[in-house]
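Notes follow once the structure below has been shown.
The values are calculated or read from the model by the stated rules, or taken from the named source; none is laboratory data. Keep in mind the model is a prediction, meaning the values are calculated, not measured. Neighbour counts run over all protein chains shown; Cβ positions are idealised from the backbone, glycine included.
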Amino acid sequence: MFNVVLYEPEIPANTGNIGRTCVVAGARLHLIKPLGFSLDERALRRAGLGYWPNLNVTVHDSWNDFTSRCGLAAAGPEPRLHFLTKKARRTYAEATYRDGDYLVLGKESSGLPEELLARYATSCERIPMLPDERSLANREAWAHHADELAASAQAGAGEKISGARDVIERGGDKSSAPGAPMSDADSAGTVPHAALKQQDICGNFIDPEDYRISALNLSNAAAIVLYEALRQTGFAGM
């Protein structure tokens with residue numbers, strides 16, 4: 001049985017859709033706090049439809065709580081974790097999946113923390129996508145809207161996150177504003193994780209100049225990778 005892990009998910013409908021996929025694919029769902037919604041929220045239940053009561057779901061207080069409870073705190077040379085991010089050189093189809101592996105996806109607004117990506121650089125995988133000029137005719141309007149949403153989130157507005165925020169993901173040497181270069185200190189005034197810089201130099205992450213605003217919806221990304229993992233392990237009917 002595979003495990004789908006959502007790190008600090010923000011949009012209830014995405015989690016509901018992923019939960020429904022987990023039920024029909026025989027996978028477990030792990031939610032790492034803080035969540036951007038209540039598990040009783042109507043939007044989540046509506047997206048999950050009648051599947052939600054049948055879902056094997058566990059809520060964890062933090063990343064450390066998750067790794068401790070799942071026996072992943074001391075991962076060996078072949079970790080069972082797969083981190084889905086745009087900041088990876090290897091694609092999800094090039095990965096080898098084993099029963100019981102964990103597919104980790106980040107929150108809609110900013111993806112997975114750079115500290116995690118640096119710590120597990122060899123376990124990072126991406127889903128190939130066309131560049132912006134080929135996939136988004138209105139890419140400049142998207143970039144402007146993404147700028148506004150990122151600024152609002154950073155200011156702690158606390159408003160509900162729209163589906164458009166799925167397109168925002170911070171680049172390795174970029175600020176959260178698409179196309180804007182990141183200085184030695186990020187917007188919070190902290191120096192970027194040293195290990196992350198080193199991993200970039202080693203080529204474990206994609207070229208930061210290849211920043212893209214186009215992205216898959218979180219629930220679509222989870223389904224794509226989960227079914228590739230199931231295909232590799234002989235899921236019924238494949």
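Structure notes:
- Residue pairs meeting the criteria (Cβ under 7 Å; at least 6 apart or on separate chains; first without any contact (Cβ under 8 Å) to a residue 60 or more places away in the chain, in the stretch 220-238; second outside any helix (DSSP H, G or I) and hydrophobic (A, V, I, L, M, F, W, C)): ARG231/MET238
- Selection from the stretch 97-126 of residues that are within 14 Å of VAL5 (Cβ to Cβ), touching an Asp or Glu at 6+ places or on another chain (Cβ under 6 Å) and not small (Gly, Ala, Ser): LYS107
- Filter result for PHE37 (in contact (Cβ under 8 Å) with a residue 60 or more places away in the chain and either within 16 Å of ALA223 (Cα to Cα) or not β-branched (Val, Ile, Thr) (or both)): no
- Residue within the stretch 89-100 that is closer than 16 Å to ALA223 by Cα, assigned to a helix (DSSP H, G or I) and not polar (S, T, N, Q) present: yes
- Scanning the stretch 7-18 for residues that are over 21 Å from THR233 (Cβ atoms) and touching a strand residue (DSSP E or B) at 6+ places or on another chain (Cβ under 7 Å) turns up TYR7, GLU8, PRO9, GLU10, THR15.
- Complete set of residues in the stretch 59-71 that are surrounded by fewer than 16 Cβ atoms within 10 Å (Cβ to Cβ) and either hydrophobic (A, V, I, L, M, F, W, C) or outside any loop (DSSP other than H, G, I, E, B) (or both): VAL59, ASN64, ASP65, SER68, ARG69
- Among the residues listed as THR21, THR15, the single one being hydroxyl-bearing (Ser, Thr, Tyr), buried (at least 19 other Cβ atoms within 10 Å of the Cβ), over 23 Å from ASP99 (Cβ atoms) and in contact (Cβ under 8 Å) with a residue 12 or more places away in the chain: THR15
Okay, residues lined up against (1) closer than 20 Å to ALA121 by Cα; (2) surrounded by fewer than 20 Cβ atoms within 10 Å (Cβ to Cβ); (3) out of contact with any helix residue (DSSP H, G or I) (no Cβ under 8 Å at 6 or more places or on another chain); (4) modelled with pLDDT of 95 or more:
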site: ASN3; (1), (2), (3), (4): yes, no, yes, yes
site: LEU6; (1), (2), (3), (4): yes, no, no, yes
site: GLU10; (1), (2), (3), (4): no, no, no, no
site: GLU78; (1), (2), (3), (4): yes, yes, yes, no
site: ARG90; (1), (2), (3), (4): yes, yes, yes, no
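- Failed item, numbered, when CYS22 is tested on (1) under 30 Å from LEU130 (Cα atoms); (2) in a loop (DSSP other than H, G, I, E, B): (2)
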